[in-house]
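See structure below.
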Protein chains: 2
Amino acid sequence: MSLDNHWFTEPVEQTGTAFSLKLGERVHAEATPYQKIEIYRTETFGYLMTIDGCTMVSTRDNFLYHEMMSHPVLNSHPNPRDVVIVGGGDCGTLREVLKHPEVKTATQVEIDERVTRLSEQYFPELCVANGDPRATLFFGDGIAWMKEATPESLDLIIIDSTDPVGPAEGLFGRKFYLDCVQALRPGGLLIQQSESPLLHLPLITEMHKFMREAGFAQTRLLHFPQVIYPSGWWSGSIAQKTAGPLAERLDPAMIDALGAQFYNADTHRAAFALPTFVKKALGI
Amino acid sequence: MSLDNHWFTEPVEQTGTAFSLKLGERVHAEATPYQKIEIYRTETFGYLMTIDGCTMVSTRDNFLYHEMMSHPVLNSHPNPRDVVIVGGGDCGTLREVLKHPEVKTATQVEIDERVTRLSEQYFPELCVANGDPRATLFFGDGIAWMKEATPESLDLIIIDSTDPVGPAEGLFGRKFYLDCVQALRPGGLLIQQSESPLLHLPLITEMHKFMREAGFAQTRLLHFPQVIYPSGWWSGSIAQKTAGPLAERLDPAMIDALGAQFYNADTHRAAFALPTFVKKALGI
């Protein structure tokens with residue numbers, strides 16, 4: 001059967017899949033210099049923000065993505081003091097990062113200020129840490145920002161961007177990764193959202209190749225459910241400036257203090273457990 | 001945007017979500033005494049079987065469900081000799097079960113023979129073990145079958161059914177679970193597909209309550225990606241006739257011999273790692 005106009009649908013022609021959410025109404029739409037942003041009230045997922053027709057963030061399930069793009073990599077670094085988030089304009093990743101008291105500075109570099117302003121309005125719960133004295137909200141191009149970053153000034157880079165088409169395309173390339181390597185201190189980590197393990201495995205494999213070619217010593221993958229993204233199954237690719245095992249800071253009191261809904265010591269470890277077909281593709 | 005008629009869409013009004021696959025054409029449709037079965041050729045997921053408008057099995061992603069509904073529970077039992085599959089008419093679960101040499105009998109109790117006959121035609125790769133001398137394909141009502149099963153004759157019950165509406169409704173009730181407890185040997189295990197951890201948590205909680213009320217000593221949950229089912233995130237609920245820790249038969253040579261695409265020792269353990277919000281709901 002087909003859906004009437006009370007649904008928002010994101011069809012992905014390339015993967016032959018589509019996901020839909022039943023709507024209340026569209027409450028906002030605007031074209032910024034970078035993209036088209038729309039906000040819908042959905043029947044069961046709270047508010048939904050879409051960019052250029054792709055689902056970005058919903059009230060109900062954003063905790064999956066935001067927790068799994070931040071806590072696993074933060075707790076895999078022995079002492080993450082200085083963190084930069086590239087993209088992440090909805091501020092949900094920033095909020096999770098700032099739950100870690102060991103973080104001294106967290107800089108969000110979002111190209112489109114309107115994403116953040118609309119998030120403040122429709123997803124205020126994601127923006128509660130924006131006033132934290134450790135937070136800087138910078139609006140500008142992440143690629144240019146990274147090129148000019150002080151060498152060896154960062155412990156962690158979180159690339160929380162849209163898909164590798166349009167404004168985010170350059171964030172998936174060797175040149176950008178080279179600047180990331182330079183900006184990281186020894187032992188520094190990068191994590192980048194890397195699409196669906198089932199639908200986008202060739203992209204993931206290429207990203208890891210580019211990361212190693214740019215000078216990263218080792219790459220890893222983690223995966224987690226993310227309902228509103230294509231296939232409902234998503235991944236983050238981790239690149240290490242220095243080879244070797246990752247730290248595992250999983251002290252129960254510290255984990256409890258994060259107040260996470262998905263993330264805990266068990267799901268931390270589970271996120272790194274790779275299916276056999278993924279291991280084969282990545283040559284792990 | 002809306003999808004044209006080149007897509008199959010399963011809208012779930014109750015959860016306000018829909019999933020769609022881009023089609024080639026519908027290659028078969030029939031109404032059996034139990035349900036309406038359709039087969040489509042899709043653009044990117046191979047063949048798709050739907051029952052009463054719900055996605056059941058696709059060529060591309062069925063390995064996720066079939067592997068995770070069989071291997072984790074088989075390897076959690078110290079010596080699973082006699083296995084019954086309730087439902088499972090596409091024969092994919094039967095195929096995975098029979099990969100285990102320790103299994104001596106595997107009986108598939110499917111109410112609708114047409115599901116199996118169509119699977120033989122459109123999903124022949126799932127039916128390769130149907131001729132195994134250890135396999136019995138019985139076509140009839142799983143509820144009646146379990147009522148008449150010899151007490152303490154089974155090590156493992158796998159309930160691989162449709163959703164808890166229509167023909168499968170009785171498979172989610174206390175009476176059926178009571179018969180399952182009787183049919184299992186001491187130490188026996190049951191696993192039942194239990195829908196989406198995000199969308200159907202109240203159902204999962206109720207199932208576990210019913211299982212314990214029926215006499216199961218302990219229940220557990222495992223979860224895994226399943227792209228074509230609502231939310232792309234699915235679960236299996238395990239009920240133990242006898243309380244205590246599960247076996248963990250994860251010998252590398254045995255795991256390798258299964259030739260699984262998703263399942264391995266790492267994803268076995270990861271499947272049991274529960275998100276905090278699920279632990280809270282289940283009181284674990």
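The values are calculated or read from the model by the stated rules, or taken from the named source; none is laboratory data. Just so you know, these numbers come straight off a predicted model, no measurement behind them. Cβ placement follows ideal geometry from the backbone for every residue including glycine, while neighbour counts extend to all protein chains displayed.
Selection over segment B:155-210 of residues that are modelled with pLDDT under 95 and part of a loop (DSSP other than H, G, I, E, B) gives a count of 6.
Taken over segment A:5-39, the criterion of being within 21 Å of A:Val115 (Cβ to Cβ) and either facing chain B (nearest Cβ under 7 Å) or among the charged types (D, E, K, R) (or both) is satisfied by A:Glu10, A:Phe19, A:Leu21, A:Glu25, A:Arg26, A:Glu30, A:Lys36, A:Glu38. Take B:Asp251 and decide whether it is farther than 25 Å from B:Leu198 by Cα, free of Cβ contacts under 8 Å to residues at least 12 places away in the same chain and surrounded by fewer than 19 Cβ atoms within 10 Å (Cβ to Cβ). The answer is yes for B:Asp251.
Of the candidates B:Thr42, B:Thr59, B:Thr55, the single residue that is within 14 Å of chain A (Cβ to nearest Cβ), closer than 30 Å to A:Gly46 by Cβ and either under 15 Å from the mean Cα position of the chain (by Cα) or at pLDDT 95 or above (or both) is B:Thr55.
Of all residues in segment B:52-61, those that are touching an Asp or Glu at 6+ places or on another chain (Cβ under 8 Å) and part of a strand (DSSP E or B) total 4.
Does at least one position in segment A:213-220 carry a residue that is within 21 Å of B:Ala273 (Cα to Cα) and at pLDDT 95 or above? Yes, that holds for at least one residue.
For segment B:142-164, give me the residue count where each residue is surrounded by fewer than 23 Cβ atoms within 10 Å (Cβ to Cβ) and more than 10 Å from the chain's Cα centre (by Cα). Don't jump to the end; show me each part of the working.
From segment B:142-164, those surrounded by fewer than 23 Cβ atoms within 10 Å (Cβ to Cβ) are B:143-145, B:147-153, B:162-164; that's our starting set.
Those still in the list that are more than 10 Å from the chain's Cα centre (by Cα) too: B:143-145, B:147-153, B:163-164.
The total comes to 12.
What about A:Glu113, is it of a type outside the set (S, T, N, Q) and within 23 Å of A:Glu169 (Cα to Cα)? It is true that A:Glu113 is of a type outside the set (S, T, N, Q) and within 23 Å of A:Glu169 (Cα to Cα). In segment A:102-120, the qualifying residues are those that are in contact (Cβ under 8 Å) with a residue 40 or more places away in the chain and assigned to a helix (DSSP H, G or I), and the one that is surrounded by the fewest Cβ atoms within 10 Å (Cβ to Cβ) is A:Arg114.
Applying the selection to segment A:62-72, what residues are within 11 Å of another protein chain (Cβ to nearest Cβ) and either over 11 Å from the mean Cα position of the chain (by Cα) or under 12 Å from A:Leu21 (Cα atoms) (or both)? Give the steps one after another, and end with the answer.
In the first step, residues of segment A:62-72 are kept if they are within 11 Å of another protein chain (Cβ to nearest Cβ); the result is A:63-64, A:67-68.
If the condition is that a residue be within 11 Å of another protein chain (Cβ to nearest Cβ) and either over 11 Å from the mean Cα position of the chain (by Cα) or under 12 Å from A:Leu21 (Cα atoms) (or both), then A:Phe63 is the only one that fits.
For A:Phe224, state whether it is within 12 Å of chain B (Cβ to nearest Cβ) and either assigned to a loop (DSSP other than H, G, I, E, B) or among the aromatic types (Phe, Trp, Tyr) (or both). Here the answer is yes, as A:Phe224 does meet what is asked. As a summary of the residue check, B:Tyr65 satisfies the conditions (1) out of contact with any Lys or Arg (no Cβ under 9 Å at 6 or more places or on another chain); (2) farther than 23 Å from A:Gly232 by Cβ except for the one numbered (2).
Scanning segment B:227-247 for residues that are within 14 Å of chain A (Cβ to nearest Cβ), outside any helix (DSSP H, G or I) and closer than 29 Å to B:Asp179 by Cβ turns up B:Tyr229, B:Trp234, B:Ser235. Of all the residues in segment B:248-268, those that are closer than 14 Å to B:Glu67 by Cα and either more than 8 Å from chain A (Cβ to nearest Cβ) or charged (D, E, K, R) (or both) number 8.
Does segment B:62-72 include one or more residues that are part of a strand (DSSP E or B), at pLDDT 95 or above and either of a type outside the set (A, V, I, L, M) or more than 22 Å from B:Ser231 (Cβ to Cβ) (or both)?
We begin by selecting, within segment B:62-72, every residue part of a strand (DSSP E or B); these are none.
No, every residue in segment B:62-72 fails to be part of a strand (DSSP E or B), at pLDDT 95 or above and either of a type outside the set (A, V, I, L, M) or more than 22 Å from B:Ser231 (Cβ to Cβ) (or both).
Mind checking whether some residue in segment B:82-101 is within 26 Å of B:Asn264 (Cβ to Cβ), more than 13 Å from the chain's Cα centre (by Cα), within 14 Å of chain A (Cβ to nearest Cβ) and not in a loop (DSSP other than H, G, I, E, B)? Checked against the condition, which is being within 26 Å of B:Asn264 (Cβ to Cβ), more than 13 Å from the chain's Cα centre (by Cα), within 14 Å of chain A (Cβ to nearest Cβ) and not in a loop (DSSP other than H, G, I, E, B), segment B:82-101 yields no hits at all. Taken over segment B:108-152, the criterion of being touching a Ser or Thr at 6+ places or on another chain (Cβ under 6 Å) and among the basic types (Lys, Arg) is satisfied by B:Arg114, B:Arg134. Using the structure shown, decide if A:Leu48 is in a helix (DSSP H, G or I), under 18 Å from A:Glu125 (Cα atoms), aliphatic (A, V, I, L, M) and within 12 Å of chain B (Cβ to nearest Cβ). Here the answer is no, as A:Leu48 does not meet what is asked. For segment A:229-251, a residue qualifies if it is in contact with a Phe, Trp or Tyr (Cβ under 6 Å, 6 or more places away or on another chain) and either at positive phi or modelled with pLDDT under 95 (or both), and exactly one does: A:Gly232.
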